[in-house]
Amino acid sequence: MIQLTNVSKIYPNGAKALVDVSLRIGKGEFVFLVGPSGAGKSTLIRLLYREEHPSRGLVSFNGQNLVRMKEREVPFLRRKIGVIFQDFKLLPRKTVRENVGFALEVLGLQRHEVEVRAEKALELVGLTKKLKAFPHELSGGEQQRVCVARAIVNDPALLMADEPTGNLDPDTSWEIMDLLHNINKKGTTVVMATHAKDIVDQMKKRVVAIEQGRIARDDEKGGYGYEL
Ligand code: ADP
Ligand code: ADP
């Protein structure tokens with residue numbers, strides 16, 4: 001599903017974020033990206049979302065070459081990819097249901113269809129009672145669950161999460177982790193960048209470690225591998 005071949009990314013300021021990275025991720029896999037801050041994890045995620053272009057190499061998703069992809073095709077790519085961030089990025093003046101439905105609204109779906117699908121996604125994350133709440137009325141864990149619902153409302157083939165538990169306490173982090181695990185079990189590929197050692201060590205999933213822009217480790221049923 002995902003293939004990076006000899007990918008390097010050098011930002012305009014000269015920062016070498018990725019250096020000659022080759023990586024394949026198959027459909028249905030669950031992959032943790034670990035490594036020190038500044039190692040290149042977020043850059044890798046941004047390349048797959050076509051938020052950044054590689055300086056060298058090939059990035060492909062479902063056989064499509066993202067380097068050559070035209071700007072007008074990018075929205076179609078992004079419909080197949082859900083993204084979750086550490087800092088939620090919810091729209092403060094929209095309700096929970098509107099936040100989750102917004103992307104569908106932009107696609108031009110009928111209002112009723114948008115609501116039905118948003119509610120279905122919110123049911124999946126256990127937030128049916130908060131449909132009409134605003135983000136500031138929710139706990140951090142609830143806000144992140146809204147983000148999960150927003151990311152899966154399109155039923156994406158790939159879900160990417162960049163430190164999704166970075167602002168959450170351990171119990172709440174595990175709730176989010178369980179959600180991602182369940183979404184993965186239903187067939188969605190999940191790629192998650194994280195510093196949550198306990199979670200990585202307990203989940204026993206594939207672990208790809210990135211250090212100074214290079215792949216330092218790639219283990220099936222791996223561990224976090226760093227001291228906190
Ligand atoms: P990680 O997610 O592992 O913390 P990043 O991908 O964010 O790593 O960063 C990798 C390197 O690229 C770092 O040196 C960082 O400072 C640099 N970097 C990241 N984003 C940008 C950007 N937009 N412009 C310039 N340098 C960047
Ligand atoms: P947690 O213990 O999970 O961090 P909080 O103590 O922040 O959660 O919130 C507990 C409950 O109170 C949550 O269901 C949340 O929706 C609700 N809540 C928190 N802050 C507000 C607020 N400002 N207005 C309304 N409800 C709130």
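FYI, it's all coordinate maths here, none of it is from the lab. These numbers were taken from a predicted model, which means no experiment stands behind them. A quick note on method: Cβ atoms are made from the backbone with ideal geometry, for glycine too, and the neighbour counts reach across all protein chains shown.
Relative contact order, percent, of the range 1-123 when contacts are C-alpha pairs under 8 Å separated by at least 6 residues? This gives 21 percent for the range 1-123. Okay, helix-only estimate at 222 nm for the chain: each DSSP H run of n ≥ 4 adds -39500 (n - 2.57), divide by all residues, round to 500 deg cm²/dmol; what do you get? Computed ellipticity for the chain at 222 nm equals -10000 deg cm²/dmol. Farthest towards the positive end of the charge dipole of the chain, among the residues HIS195, VAL153, GLY223, is the Cα of VAL153, using unit charges on the Cβ of Lys, Arg, Asp and Glu. For LEU66, nonlocal amide neighbours, meaning residues 5 or more places apart or on other chains whose placed amide H falls under 5 Å from its own, are VAL59, SER60, PHE61.
For the range 1-81, the dipole from Cβ point charges (+1 on Lys and Arg, -1 on Asp and Glu) about the Cα centre works out to 200 debye, to the nearest 20. Please compute the Kirkwood hydrodynamic radius over the range 1-94, one decimal place, Å, based on all pairs of different Cα atoms. For the range 1-94, inverting the mean 1/r across all distinct Cα pairs yields 14.4 Å. Between the amide H of ALA216 and those of ALA209, ILE210, GLU211, distances stay under 5 Å, these residues lying 5 or more places away or on another chain, with hydrogens modeled in the peptide plane.
A convex hull fitted around the alpha carbon atoms of the range 86-165 yields 88 Å³ per residue.
By how many nm would the segment from HIS181 to GLN202 grow when fully extended, if each residue of separation counts as 0.36 nm and the alpha-carbon distance is taken off? List each step's numbers first, then the result.
On the way: separation 21, 0.36 × 21 = 7.56 nm, distance 1.22 nm.
Extra length from HIS181 to GLN202 when fully extended: 6.3 nm.
Annotation: amide H-H contacts under 5 Å for SER8 (H modelled 1.01 Å from N, sequence separation of 5 or more, or interchain): ASP20, VAL21, SER55, ARG56, GLY57. For the residue pairs LYS130/LYS197; LYS41/LYS80; LYS89/LYS132; LYS27/LYS204, the alpha carbons lie more than 29 Å apart in LYS130/LYS197. Under a Gaussian network description of the chain, with springs only between Cα atoms under 10 Å, the residue in GLY141, GLY35, GLY26 that fluctuates furthest is GLY26.
Report the rotationally averaged projected area of the range 57-211 based on its alpha-carbon convex hull, in square nanometres.
Details: hull surface 41.3 nm².
Mean projected area of the Cα convex hull: 10.3 nm².
Springs between alpha-carbon pairs under 10 angstrom, Gaussian network model over the chain: which of PRO12, PRO156, PRO54 fluctuates most? Looking only at PRO12, PRO156, PRO54, the largest GNM fluctuation is found for PRO12. Taking the alpha carbon gyration tensor of the range 74-115, multiplying each eigenvalue by 5 and rooting it gives semi-axes of 18, 17, 7 Å, largest first. Between GLU73 and ARG24, what's the calculated FRET efficiency when r is the beta-carbon distance and R0 is 22 Å? Round to 0.05. E between GLU73 and ARG24, to the nearest 0.05, is 0.45.
Remark: the range 30-40, residue by residue, has Karplus-estimated 3J(HN,Hα) of 10, 10, 8, 9, 10, x, x, 4, x, 6, x Hz, where x stands for each Gly or Pro and the curve is 6.51 cos²θ - 1.76 cosθ + 1.60 at θ = phi - 60°.
Listed values for the range 175-191 are Karplus-derived 3J(HN,Hα) couplings in whole Hz (6.51 cos²θ - 1.76 cosθ + 1.60, θ = phi - 60°), namely 4, 5, 4, 4, 4, 4, 4, 5, 4, 4, 5, 7, x, 6, 6, 10, 10, and x replaces Gly and Pro. The modelled label-to-label distance for the pair ILE10/VAL116, using points 7 Å beyond Cα in the direction of Cβ, is 5.3 nm.
Where the only charges are on Cβ atoms (+1 Lys, Arg; -1 Asp, Glu), what is the dipole of the range 118-217 about its Cα centre, to the nearest 20 debye? Walk me through the numbers on the way to the answer.
Working: 14 positive and 14 negative charges, 80 e Å.
Its charge dipole is roughly 380 debye.
Could you give the dipole magnitude of the chain about its Cα centre, charging the beta-carbon of Lys and Arg +1 and that of Asp and Glu -1, in debye to the nearest 20? Please report the intermediate quantities before stating the final value.
Values: 35 positive and 29 negative charges, 164 e Å.
Roughly 780 debye, rounded to the nearest 20.
With R₀ fixed at 45 Å, the C-beta to C-beta distance from LEU131 to SER37 puts the FRET efficiency at about 0.80. Note on LEU228 and ALA216: the extension gain reaches 2.5 nm, defined as 0.36 nm multiplied by sequence separation minus the Cα-Cα distance. 3J(HN,Hα) couplings calculated from phi for the range 101-110 with the Karplus curve 6.51 cos²θ - 1.76 cosθ + 1.60 (θ = phi - 60°) are, in sequence order, x, 3, 4, 6, 4, 4, 6, x, 5, 5 Hz; Gly and Pro show x.
Pairs of alpha-carbon atoms within less than 8 angstrom and 6+ residues apart define the contacts here; what relative contact order does the chain have, in percent? Worked out over the chain, it gives 27 percent.
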